[in-house]
Each structure stands twice: as C-alpha cells, then as structure tokens.
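Comments concern the structure below.
Read-outs throughout are calculated quantities, based only on the coordinates presented, and are distinct from any laboratory measurement. Quick caveat, the model's predicted, so the values are computed rather than measured. Please note: Cβ atoms are built from the backbone with ideal geometry, for glycine as well, and neighbour counts cover all protein chains shown.
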Amino acid sequence: MIKLIKFVFLIFIAYCYPFVQALSANEKIKIGLLVPMTGVNKEIGDSIIKAVGLAIKDIDSNLIEIYPKDTANKANQTLRSAFELKEMGVKVVIGPVFYESLAYLDELKDLTFLSLTNKTLDLPKNVISAGINSKSQFNTIKKFLETNNIKRTIFLTPIQDYEFEVKEGMKNSKIKIYKDYEYKTEPTELTKQIEEITNYRIRKKNLEDEINRIKNSNDSNKDKRIKSLEKRYTLGGLNFDAVVIADFDESLKSVATSLLYTDVLPKKKYFITLNQWFDENLLNEIDIQPLYYPSINKENFENFKIKYFNAFNEDPTHLSLLSYDLAGLIYYLSLNSNIKKLNKVFNRKSSFKGKIGIFDIEDNKINHQLNFYKIENKKLIKIF
C-alpha cells in the first residue's frame, strides 16, 4: 500500500464500502485481459498489454498475475476467451475494448469486466464501462457554460451509431439545452441543414434588403454605409450564444466550416465539441478557433507517454492510459475487499485518483472528472 501511494498511482479519495475479506498474504490477484491480439486492431491490444505490464511493474507486487486473451474483435471469440479465463480462476477482467464484443458476456455472471468502451447503454450487468463517456463530457461542458453564464446553447449531433449515447449523456448531465438538432453528415445535406438552423437565407436576404433600402434613400452617407454593408455576408443576430458539435475528425471540421459559411464565427459564438484526445490536426484549423472541448488531464497524459516511450520505445494508444489506471484500481480494491465480489463495489458510489485524473464509480459506470481546454492561435490552453 505504501508503494502504491509512493508512486502516486492510485490514491484513495472516498470509499464508502466496508473492508471485508481482504486477500490473504499469498493469494494471487488474477487479472484477465480481453484485447484484440490479432486482426486490424492488434496494435491497440498490444499497447494495452504493455500498459498493464507497466502498471504492474510500478505497483511492484508479486501478488498480481496477468492473463491476456484474444477477442479478435468478435463477440463469439470474446466469449470463448472469457470462458477460458474463468476456468483459470480469473474473477476480474480488463476489457473488452469494443462495445460489439460485449454481446454474450452476461453468460459469465461471476466475472466482472472493466470494458474500455465509452458506451453505457444496454450493457450486461457484469460489464463496467470505463471509457470517457458522454455524461462525463457533458458534465464538464455544463460547468464551463454555467461558469461563463452562457444561457442559450444549441446542440448539433450527427445521425451516427453513437447518437443515442450522446443524447443519454445530455440527459444524465442535466445540461441546459436551448435547442437540439440532429444532422446528416453528407456534405450537401449538412450545408442545407446548417443554413436552416442558422436562418442563413433570412439573414442574407435582410442584408440585401438593407442595401437596397439605403440605395433608394436620401441618406447623405449612403455610399459609405453601403460599402460597409457589402463587406458583410448577413444581417441580423443569431438566437444562440454557443454551439456544441458532437462530432470528430473531418466531420467536425465540415460542420464548423458550414457554420463559417453561414456567417457564424467562433470569435462571436462559442464553438464547443467533445473530447478530441488532443488531436494535433486541430491546432492548424485556425479558422474554427477558438475551439473548446473537455478532456483528460493533458499533463498527466504527457507524463504517461514519456514513461511508456522510455519503456517500449514507442507511443501508447489513448486506451493504454485507461488500462494502466484500471490495473491499479483492481489492485487497490483487491487489497481491501473480496475480489470475487468486485461487481458489488461498482454499484456503490466511490471516487479514486489515477494517472488519468479523478474518476467516480456508481451504478456500474465510471464517470471521469475531466479538464476543459481551448485551442486558439494554434495553441492548446487549459481553462480548468
């Protein structure tokens, strides 16, 4: 326990669960890993295995044993591998990585799975979602909106496979929604929808009408006023103060560009998005800056990347940091409770601190207390 604190690996904050049936002196902590060890996502699986190994080295305990098994990104293979872990006496598993692999795991009710997915809907009862879920992100966005007294925020959500997760996160965070829209990501459809959302055609017509009105007026300064108006694209205010774009990568850029086209500018309206894992490509998108988003603590993540690179001479995946913390969490809980009943621990509210930051456990979900950042002038700036 002293070494655990010494490494600042996993510090106990609040734990509302009576300590019962702690491990005996020689009892092993068997941790299963369900990760892709073959196929297109093999690199992710390799990185997770290395990160857990690094965590075990930092914990420095001979009580821990790791058993990696391949999921091959298939639900049936995941079930077979999970059954093999059960036969080996494993009670707690880090993984699977992907939501699609969870389908049959409720058949192994005496195993607890700490999945790295960020999806929280329709999970088997023995699966804990440990990813950066939408509720965690909207909780952080809510804090930013309230701190800055931003009253009218519209939400733009793509019609994608994660749409309902986003909606659930919005609902559970109780974030104040001014207006909520779904959009199609096909470029032509997207532009048309953004025009409707921002009343672009009306605002453009307002500008044309105002220019014509001034032209036909007796205003002595009309040439100067017309010249000034002709520099604009629209006329008339927008009925929102901020826009939250629940999108990523090129699709995020497309939505932001469509907003620019309709004369909605990030210098005048807050552009906010979801966790981007510090995507460096966004630093060069100067036209859509400032751009705000919630994320894990960047300093902690950079320190972990250095530790990982020094150990393996390669960069980790984002999920590696999650798995590193989960290994420490399992070790801590195993010292203070019955590892066979860890699933009950996750139904009780408690908080812990790991490399990724502080996370709260309740109702079979891990919610992360995130930081908030903005990208401006090609720089990443921490807001809180």
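Could you go through region 219-226 in sequence order and give the Karplus-derived ³J(HN,Hα) for each residue, using 6.51 cos²θ - 1.76 cosθ + 1.60 with θ = phi - 60°, rounded to whole Hz, and x for Gly and Pro?
Each residue of region 219-226 in turn: 4, 5, 9, 5, 5, 5, 5, 5 Hz.
Which one, [x] 23.9, 78; [y] 23.0, 77; [z] 24.9, 95, gives Rg and Dmax of the Cα atoms in Å as derived from the coordinates shown?
[z]
Would you work out if region 96-202 is rounded, prolate or oblate? Take a ≥ b ≥ c from the square roots of the eigenvalues of the alpha-carbon gyration tensor; rounded if a/c is under 1.5, else prolate when a/b is larger than b/c, oblate otherwise.
Verdict is oblate for region 96-202.
Hey, which aspartates and glutamates would be in cross-link range of K267, C-alpha to C-alpha under 18 Å, not counting anything within fewer than 8 residues on its own chain?
D241, E285, D287, E376
Round to the nearest 10 and give me the degree value, 0 to 90, for the angle of helix 42-59's Cα axis relative to the longest principal axis of the chain.
Helix 42-59 sits roughly 60 degrees off the main axis of the chain.
As a test, work out the antiparallel percent of DSSP beta bridges whose residues both lie in the chain, rounded to the nearest 5.
Roughly 40 percent of the beta bridges in the chain run antiparallel, per DSSP.
Quick one: which of K143/K305; K74/K374; K184/K298; K50/K378; K192/K269; K192/K224 span more than 30 angstrom between C-alpha atoms?
Working: K143/K305 28 Å; K74/K374 37 Å; K184/K298 32 Å; K50/K378 33 Å; K192/K269 20 Å; K192/K224 33 Å.
Exceeds cut-off: K74/K374; K184/K298; K50/K378; K192/K224.
For region 191-349, rounded, prolate or oblate, judged on the Cα gyration tensor with a ≥ b ≥ c (square roots of eigenvalues), a/c < 1.5 rounded, else prolate if a/b > b/c?
prolate
Can you tell me the 0 to 90 degree angle between the C-alpha axis of helix 298-312 and the longest principal axis of the chain, rounded to 10?
Tilt relative to the chain: about 50 degrees.
Name the GluC sites (Glu not before Pro) in region 196-284 that are in a loop by DSSP and that have at most 10 other C-beta atoms within 10 Å, would you?
E230
What is the distance, in nm, between label points placed 7 Å from the Cα along the Cα-to-Cβ direction at K171 and at L380?
Modelled inter-label distance: 3.3 nm.
Under the rule of -39500 (n - 2.57) per DSSP H run of 4 or more residues, summed and divided by the residues of the chain, what mean residue ellipticity at 222 nm is obtained, to the nearest 500 deg cm²/dmol?
-12000 deg cm²/dmol
Assign one of three labels to region 24-136, namely rounded, prolate or oblate, based on the Cα gyration tensor with a ≥ b ≥ c the square roots of its eigenvalues; rounded applies when a/c is under 1.5, prolate when it is not and a/b is larger than b/c, and oblate otherwise.
rounded
Rounded to the nearest 10 degrees, what's the angle between the helix 163-173 long axis and the longest principal axis of the chain, both from Cα atoms, 0 to 90?
With rounding to tens, the tilt is 80 degrees.
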